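One structure is given here, and the rest of the page talks about it.
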Amino acid sequence: MRALSLIFFTVILMMVCLGADYDVTRVDFLSRYGLQVNGAGPLLVRTDLPRNRMIVVHTYTSSVSIIDGRNHSVLNIPIASRIPQYVKDEALQIDSTSGHIYLIGNHCLHIIFPEKKKSITIPTVDQFEMVAINETNGNACLVGRSSKNLALVSPGGKKTRLKPWLDYRETMVNLNQTPPPPIRKVVWDRRSNRLVAVDGFSARLFVFSPSGRLIRKRNLKVKPGARWHFAAYNQDNQCLYLVIETEKRKVVEAIKADIHRNRDQVIALPGLSEAVGINYHPARDEVYIPYDNHPTVHVVSFQQEGRLSEIKIPAYGNDASALDPDKQLLFVSSWAYGEIEVLDLKQGKLLKTIRDLGIIPHMFSMDFNPANHDLVVPIGATAVNGSFGAAVTCLDTRNFESRDIYTGWAPVDLVALNKRGMVLVFNSEDDAVEVQPDGTSRYFRLPCKYPGQALAMPDGTICLSYGPHQSYWPVVYIWAAKNGILGIHPETLEFNDRRIPRMAQQMAVDKSGVLYGLQNNWGKEKQFLISLPDTVRRPNLGDMRWELADTVIRETTQRILEYDPEEDWLYLVRVGEQDNEAGVFQILNLKSRKILFRCPLELTPVDLAFNSDRIAIANFDSNSITVINKADFGISRLPTGEKPLDLVYCGDQLAVINHVEKSLQFPGQEPLKYSLPGPGNPDLLFNDGNELIITSHSSDRLQILAFSLQSRTFRLIHQERYPFGETSLDTNNTAFFLRGQFGDGLFRINRILQDNQGRIWITDFLSGKLFILKPETVH
């Protein structure tokens with residue numbers, strides 16, 4: 001049977017490799033920065049003090065950036081998985097003796113070796129949240145709320161041994177960026193060579209031998225809580241510093257747990273809500289507690305028998321903090337105002353406010369490098385949730401000047417300039433590039449941050465939505481957020497920037513030139529669109545908002561907005577308010593400005609296609625397609641393979657790619673199914689008028705395939721070798737979670753268009769590439 005399979009696979013490969021009739025031009029956007037590997041979605045940052053370098057962990061790309069503190073040069077090292085967006089700083093540790101980086105990934109532990117420019121990955125059955133390193137031998141220990149065990153990892157043998165520890169676990173769910181930090185903590189005590197672990201559910205402290213043998217355990221005299229914040233472990237006095245927050249997010253206690261002498265200090269706190277960015281100064285023996293919901297930093301001094309004091313700061317909406325221990329300064333970032341407060345710890349007061357830095361992500365991650373006085377911030381966010389862009393910001397604390405350090409080039413969309421015979425490509429940070437058919441490129445900076453979707457208006461003007469994907473909540477506008485529609489003249493490439501109150505996460509334009517945009521809600525609101533009547537007028541708050549009858553709560557669930565010129569209808573699709581709830585489809589009649597039709601779909605609608613008679617919607621988690629008849633709005637259901645992702649109509653025939661099943665299917669009257677050649681999961685389907693174009697990703701390659709509708713055979717157009725790492729969309733990682741992303745608006749990895757000369761242009765977000773497919777008949 002295995003021999004037959006090998007013969008079949010060989011035949012498939014031969015069939016695929018024959019008859020390629022495209023010339024492929026490859027454009028590598030990473031070469032702009034001298035990079036081999038892409039780095040997008042900055043999530044966590046950490047200073048490697050002995051080596052004067054900064055570590056940046058990305059969540060969009062399976063990679064880690066090493067930034068040299070001397071010259072800010074960037075080295076990106078690939079890893080095997082995307083880092084879940086809900087992890088905190090505890091998921092990242094650096095071995096101070098070797099410089100090796102330990103990083104918790106998606107059900108695994110990554111160990112990165114910067115000097116060798118490589119990494120290894122050790123799988124774990126459970127999802128862990130915090131890692132500790134035994135620096136005498138490089139072994140590691142992992143803990144997390146979703147595991148009852150200690151995971152003891154031996155990198156040399158790439159093995160994980162589970163040591164039974166507790167009898168309770170809490171299932172990990174799709175969390176936004178303000179979830180409870182790891183309620184279970186673990187550190188290595190270097191002086192005694194002991195493993196110290198804390199379970200916040202039961203408020204108990206444990207001491208283990210390096211092999212995981214329990215030496216002793218005891219109760220901590222604090223309240224068990226839902227959110228235990230890690231301030232530090234002081235290796236000199238062998239004390240663990242924690243801050244406890246209740247289920248109702250009230251910060252009630254700080255503890256200095258004396259590991260070996262059992263002389264704990266517990267200090268009551270006044271119960272302000274949502275502590276963030278907890279920090280510790282070892283020389284002063286002080287814990288600092290900023291708050292998301294209060295313009296206050298509490299200072300808990302354990303040197304003075306638990307004296308509690310307050311430093312007033314300008315506003316709430318605080319996030320990460322970082323410490324300059326020599327100058328005794330504390331830096332506190334504010335996501336709500338896009339600024340950093342500089343606090344003088346000696347005088348206990350606000351020293352300076354650094355304004356207009358941009359959206360600072362709510363991941364509690366920021367660090368200071370004393371070697372070059374840089375404060376490193378992963379600016380590039382979707383306000384409180386998520387991570388975007390492909391750069392980090394370095395703020396020089398000597399003069400408070402900032403600069404961006406670009407870690408990659410991740411294309412998010414492209415649009416054709418047909419009169420000029422070229423294409424504009426936009427990345428996730430602030431760059432655009434004008435690309436000729438031969439691959440010649442001209443880069444230019446945009447006057448805005450974080451492009452989203454681009455489309456061409458009837459008069460040729462390019463409209464680009466931009467900005468963080470969350471910029472407003474019912475109480476306050478986020479001051480650092482700048483959302484808008486950037487108009488770009490197709491001939492001169494001059495800009496016309498029109499600000500809008502929130503991100504237009506999906507756009508469509510009708511045949512009269514009116515632009516429509518789905519806008520992200522924050523909290524419970526009426527579903528609504530914005531509309532701009534032309535390419536000149538700015539938004540008029542009185543009539544630009546088109547409010548619908550539905551109420552929405554969950555963020556970034558409005559995934560699809562398509563215009564049907566034949567009917568003059570807008571099609572809207574959104575996923576359910578919960579993972580197990582059906583999605584919703586709506587038809588908006590632009591003449592009457594009313595909802596013409598509304599119906600529930602199935603689980604996780606992800607794509608829509610239509611022809612003159614029917615509308616089809618792929619339901620990713622129901623393995624089905626909902627088909628709606630335009631004439632009478634009759635509804636039918638077509639079963640598919642596992643995880644249908646992308647749809648196209650080929651005349652009356654419907655085609656779908658099944659992401660997990662790795663198949664191309666023609667459901668309905670002709671239920672034919674074809675397994676894709678190669679190892680990848682398909683993620684894009686396009687009808688170029690003659691055949692179907694399919695892209696698929698595996699961990700080490702991108703394949704661009706063509707499928708002939710006449711011969712029903714595949715052929716390989718292009719294969720790109722690249723260390724992609726994790727590429728599956730069937731995941732609970734927030735960044736690529738189709739069931740309902742919290743702060744992210746990355747709906748596709750690949751984008752594709754066909755220009756008026758028949759050339760096909762395909763961008764790849766993960767590898768930072770563009771592929772121009774020129775049919776042999778095009779000259």
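The values are calculated or read from the model by the stated rules, or taken from the named source; none is laboratory data. These numbers come from a predicted model, not from an experiment. Cβ coordinates were reconstructed from backbone atoms using ideal geometry, including for glycine residues, and neighbour counts include every protein chain displayed. In case anyone asks, the SASA skips ligands and DNA or RNA and just uses the protein heavy atoms, side chains included. Shrake-Rupley method; radii C 1.70, N 1.55, O 1.52, S 1.80 Å.
Across all directions, the average projected area of the convex hull around the alpha carbons of segment 224-267 is 3.0 nm².
When only DSSP loop residues count, what trypsin sites (Lys or Arg not before Pro) in segment 395-444 have their Cβ near at most 15 other Cβ atoms within 10 Å? Don't skip to the answer; put the middle values down first.
Details: sites: Arg398, Arg403, Lys419, Arg420, Arg442; in loops: Arg398, Lys419, Arg420.
Counting only loop positions with at most 15 other Cβ atoms within 10 Å, the trypsin sites (Lys or Arg not before Pro) in segment 395-444 are Arg398, Lys419, Arg420.
Under 5 Å from the amide H of Ser365 lie the amide H atoms of Ala320, each residue being 5 or more positions distant or on a separate chain, with H modelled from the backbone and absent for Pro and chain starts. Summarising the label geometry, the points placed 7 Å from Cα in the beta-carbon direction at Lys116 and Leu596 lie 6.2 nm from one another.
Considering only protein heavy atoms and a probe of 1.4 Å, how much of the accessible area of the chain is carbon and sulfur, as a whole percent? On the chain, the fraction of accessible area on carbon and sulfur atoms equals 49 percent. Listed by chain and number, the lysines whose alpha-carbon sits under 20 Å from that of Lys346, ignoring those within fewer than 8 places in the same chain, are Lys312, Lys327. Assuming a ≥ b ≥ c are the square roots of the Cα gyration tensor eigenvalues, decide whether segment 166-284 counts as rounded (a/c under 1.5), prolate (otherwise, with a/b larger than b/c) or oblate. Because a/c hits 1.5 or more and a/b fails to exceed b/c, segment 166-284 counts as oblate. Ignoring aspartates and glutamates fewer than eight residues from Lys662 along the same chain, the ones with Cα atoms less than 14 angstrom from its Cα are Glu642, Asp646, Asp683, Asp730.
Solvent-accessible surface of the chain, averaged per residue with a 1.4 angstrom probe and all protein chains in place: 36 square angstrom. Between rounded, prolate and oblate, where does segment 112-210 land on the alpha carbon gyration tensor, with a ≥ b ≥ c its root eigenvalues, rounded for a/c under 1.5, else prolate if a/b exceeds b/c? Here segment 112-210 falls in the oblate category. P(r) tail for segment 239-386, what percent of Cα pairs lie past 24 Å? Percent of Cα pairs beyond 24 Å in segment 239-386: 29.
Approximating the spin labels as points 7 Å out from Cα along Cα→Cβ, the His373-to-Ser512 distance works out to 6.0 nm. Of all DSSP-defined beta bridges confined to the chain, some 100% are antiparallel rather than parallel. How about segment 602-676: which chymotrypsin sites (Phe, Trp or Tyr not before Pro) there are in a DSSP loop, with at most 12 other Cβ atoms within 10 Å of their Cβ? Listed in order of number, the matching sites amount to none. Taken over the C-alpha atoms, segment 462-584 has Rg and Dmax values of 14.8, 49 angstrom.
Near the amide H of Thr713, within less than 5 Å, lie the amide hydrogens of Ser708, all on another chain or at least 5 residues away, with H placed in the peptide plane. Using R0 = 25 Å, the C-beta based FRET efficiency linking Asn262 and Leu308 works out to 0.60.
Quickly estimate the mean residue ellipticity at 222 nm for the chain, helices only: each DSSP H run with n ≥ 4 gives -39500 (n - 2.57), and the total goes over all residues, rounded to 500. Don't jump to the answer; show the numbers that get you there.
Numbers: 1 runs with 16 residues, N = 779.
Result for the chain: -500 deg cm²/dmol, rounded to the nearest 500.
Global size of segment 50-98: 11.6, 31 Å for Rg and Dmax (C-alpha atoms, Rg to one decimal, Dmax whole). Multiplying the residue separation of Val24 and Glu247 by 0.36 nm and subtracting their alpha-carbon distance yields 74.7 nm.
Assuming R0 = 45 Å, what is the FRET efficiency of Ser31 and Ser711, from their Cβ-Cβ distance, to the nearest 0.05?
Working: r = 38 Å, r/R0 = 0.84.
Computed FRET efficiency for Ser31 and Ser711: 0.75.
Not counting the cut sites, what is the longest span of the chain without GluC sites (Glu not before Pro) that DSSP labels loop and that have at most 11 other Cβ atoms within 10 Å? Walk me through the intermediate numbers first.
Values: sites that count: Glu115, Glu247, Glu305, Glu491, Glu494, Glu566, Glu776.
Value returned for the longest uninterrupted segment is 567-775.
Once you order the gyration tensor axes a ≥ b ≥ c over the Cα atoms, which shape class does segment 312-379 get: rounded for a/c under 1.5, otherwise prolate or oblate by comparing a/b with b/c? Judged from the Cα gyration tensor, segment 312-379 comes out oblate (a/c at least 1.5, b/c at or above a/b). Each of Ala706, Pro677, Ala391 was scored by the projection of its Cα onto the charge dipole of the chain, and the greatest displacement toward the positive side belongs to Ala391; charges sit on the C-beta of Lys, Arg, Asp and Glu. Angle check, please: helix 2-17 long axis (alpha carbons) against the longest principal axis of the chain (alpha carbons), in degrees 0 to 90, nearest 10. Compared with the principal axis, the helix lies near 60 degrees. As a ratio to 2.2 N^0.38 Å, the alpha-carbon radius of gyration for the chain is 0.97. The label point for Arg537 and the one for Lys158, both projected 7 Å from the Cα toward the Cβ, are 6.3 nm apart.
Of the trypsin sites (Lys or Arg not before Pro) found in segment 214-288, those in coil by DSSP whose Cβ has at most 14 other Cβ atoms within 10 Å are Lys221, Lys248, Arg261, Arg263.
Taking amide H as placed 1.01 Å from N in the peptide plane, the amide H of Leu676 sits under 5 Å from that of Ser663, Leu664, each at least 5 places away or on another chain. The length gained by stretching the chain between Ala283 and Ser192 to full extension, at 0.36 nm per residue less their Cα-Cα distance, is 30.6 nm. Between Leu548 and Asp497, the FRET efficiency from the beta-carbon distance, with R0 = 25 Å, is close to 0.35. Give me the lysines in straight-line cross-link reach of Lys594: C-alpha distance below 17 Å, same-chain residues under 8 apart excluded. Correct list for Lys594: Lys526, Lys630.
Computed over the Cα atoms of segment 368-459, what is the ratio Rg over Rh, Rh following Kirkwood? Walk me through the numbers on the way to the answer.
Details: Rg = 16.5 Å, Rh = 15.1 Å.
When Rh is taken as the Kirkwood radius, the ratio is 1.10.
The order of Phe597, Phe128 by accessible area, most exposed first and with a 1.4 Å probe, is Phe597, Phe128.
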